[in-house]
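Report on the structure given below.
We did not get these values from a lab; they are worked out from the coordinates using the rules stated. The model shown is predicted, which means the values in this text are computed figures rather than measured ones.
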Amino acid sequence: MGPPVCFWQGNEKTSSQKTRRRAAESAEKKLVILQKRIAGLSEVALERFALRARRVAKLKGTVNVLVTSSAAVQSLNRQFRGKNKATDVLSFSSLLTMPYNSSRLAGDIAISADIAVQNAHRMGHSAAVEVKILTLHGILHLAGFDHERDGGTMARTELKLRRVLKLPVGLIEREASASSLNNSRHRKPKAGTWGTR
């Protein structure tokens with residue numbers, strides 16, 4: 001995925017304010033590619049959602065979103081992170097690859113449609129909703145958040161923005177719930193605590 005291309009060039013003297021505003025809004029939009037289709041989700045709908053999520057996350061610059069196969073995401077993960085496995089979402093900040101970014105590209109997000117469908121089934125919501133959850137998660141990473149190192153800041157922000165965007169349980173919450181469940185299964189009970197509350 002490369003930077004988005006905007007073909008609009010208006011003549012400041014002859015363009016109306018409305019035309020310039022529409023062009024600015026169009027330039028703010030990002031490129032969305034659905035290489036692998038998701039039931040109930042169009043490129044236009046995902047573009048609108050990503051624009052809204054980017055705005056509520058206060059992320060400047062455009063965002064490209066690729067929804068593709070697990071094999072393609074695995075290939076990207078291997079190439080750019082040295083991890084030879086598929087994952088649900090990857091984020092690539094343009095600040096890391098283009099420090100003097102004049103195109104105002106915030107970055108690229110790659111989402112595995114296969115994993116999104118599996119997660120959606122397991123969580124009891126649609127795959128379209130799951131792709132939106134993953135898009136928000138990716139946008140937060142592009143905004144500089146890192147749930148592995150920020151002491152819960154990204155988790156709190158994701159929770160707040162998920163509510164604003166009317167999305168169900170987020171990625172970090174799921175991981176935290178699964179982790180605490182696994183930890184409680186593997187912990188030895190304290191002596192004398194069986195059957196007590």
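Working note: Cα gyration tensor of the stretch 29-176, eigenvalues times five, square-rooted, sorted largest first, giving semi-axes of 20, 18, 17 Å. Out of all DSSP beta bridges in the stretch 29-176, what portion is antiparallel? Express it as a percent rounded to 5. In the stretch 29-176, approximately 40 percent of DSSP beta bridges are antiparallel ones.
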